1. Take the chain, connect every pair of alpha-carbon atoms lying under 10 Å apart with a spring to form a Gaussian network, then pick out the residue of 130, 169, 327 with the largest mean-square fluctuation.
2. Relative to the longest principal axis of the C-alpha atoms of the chain, give the angle of the C-alpha long axis of helix 386-402, reported between 0 and 90° and rounded to the nearest 10°.
3. Where only protein heavy atoms count, and the probe is 1.4 Å, what is the accessible area per residue for the chain in Å²?
4. Which pairs in the list 41/365; 41/390; 365/390 are over 27 Å apart, alpha-carbon to alpha-carbon?
5. Order 214, 241, 25, 133 by their accessible area, 1.4 angstrom probe, all chains in place, largest first.
6. So what's region 86-196 giving for Rg/Rh, alpha carbon basis, Kirkwood Rh from the mean inverse pair distance?
7. Kindly provide the helix-only [θ] at 222 nm of the chain, computed as the sum of -39,500 (n - 2.57) over DSSP H runs of four or more divided by all residues, to the nearest 500 deg cm²/dmol?
8. Cα-Cα pairs above 41 Å in the chain: how many percent?
Amino acid sequence: LLGDWLVANTAGGGGMADLAEAQEDDPLLILYTSGTTGRPKGAVHTQAAICANMEAAVAACEITPQDRVLSCLPLFHAGGLCIHTLPALSAGATVLLHERFDASAALHAMEHEGVTLSLQVPATLHALANHPDWQKSKLPKLRAIWAGSSILTPQALEPFHTKGVPVCNVYGSTETGPVSLVLPHSQALARAGWVGWPAEGVEATLLDARPGPDGIATGEIALRGPQISRHYWPMLPTRDDADFFRTGDIAERSADGCYRVIGRGTELIITGGENVYPAELEQALLTHPWVAQVAALGLPHPRWGEVVVAAVVLQATHAAEIARFLNNSAPLSTFLFTSSLLKSEQMKIEEHLLAHLEGRLARYKRPQRMAFLPSLPLTALGKVQRSALKLQLLEQWQTDKQEGAC
């Protein structure tokens, strides 16, 4: 039990005697889901579940007492607390705890404070790779970065792999520990973009699996294991009758058992009877150097049911190039990072990005419209708040209609 470990590793066990009496099934922690698509729910984790997750994380990340682990993600989320911070402490490693993520502080720690491991998410990876000091930075002790929270594209990982730092994926959710599927250090470069194999003690399967070519099957990921929460607060079950947690994520599984997430089942866009997973479009657009962030979603349409829309944040490091493309002489900060792009300029960039998708994506999967925004609404862990984004776009385009702009 976690209490036993704390007593054994605290001088004299001061103040820990009561905790040591805790039973395996006693609730220890309530972690709330991120609420990207609905109201957050509190996943209740027991003593045994937290300990099982720590053991799985230590094994997957190969954490030792000699490690110095940088922890700079919010501890009120499962990732920041349970992927590295608690597991590192359980292994006797040193944890460098930052109050919040700051790219300059994180990069300084990686360069000068002997950091060997760190957990990041796509938004913080982007911030690090686009920091002014990134290109000249040396990361002498950093043997791996672990990352999760959202789908990781090969393009997002390239700046780190170029520096010889493998980015290892860890997949899971607030309900699942969250250490559930892991892409180990040895496979991080060869399987970039995949989420890996089941972690220690975890059983994974695909529900309603559909076979495909080369032994690849597609279906919804379901997980079973000791670290998975049994219920939401107060007593709403998280698992089905077979004790599996249905993640809602659609994935591919290779012949050797490696998983790659395609997208959320609840985010599926059905346009004219065709299925479009936002992640596929997002990854295709992110291959263009002008695109910093993108979120695809479906908006109501009287004929097609839904139409595919992409909200795009343009890349700051390519501002001058975009300005030349538009023949725009305004200050870069004025036209690029506010909503002051002219309609004609937006259409020109949109046509350019659509041309980039030719040969990369089937026509029905391409966006019918793009919105260029200075930023996307994000959670504390950098996940896109799609419900908030959808409302924002609907309100924006209702205003455009009233003003005769579209």
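1. 327
2. Result, in degrees: 20.
3. Result: 46 Å² of accessible area for each residue.
4. Violating the 27 Å Cα-Cα cut-off are 41/365.
5. Reading off the accessible areas and sorting them downward yields 241, 214, 25, 133.
6. 0.94
7. My calculation for the chain gives -8000 deg cm²/dmol from helical runs alone.
8. It works out to 18 percent of all Cα pairs.
The values are calculated or read from the model by the stated rules, or taken from the named source; none is laboratory data. Computed from a predicted structure; not experimentally measured. So basically every Cβ, Gly included, is an ideal-geometry build from the backbone, and we count neighbours across all protein chains shown. Quick note on the areas: whole protein, heavy atoms, side chains included, nothing else; ligands and nucleic acids left out. Shrake-Rupley method; radii C 1.70, N 1.55, O 1.52, S 1.80 Å.
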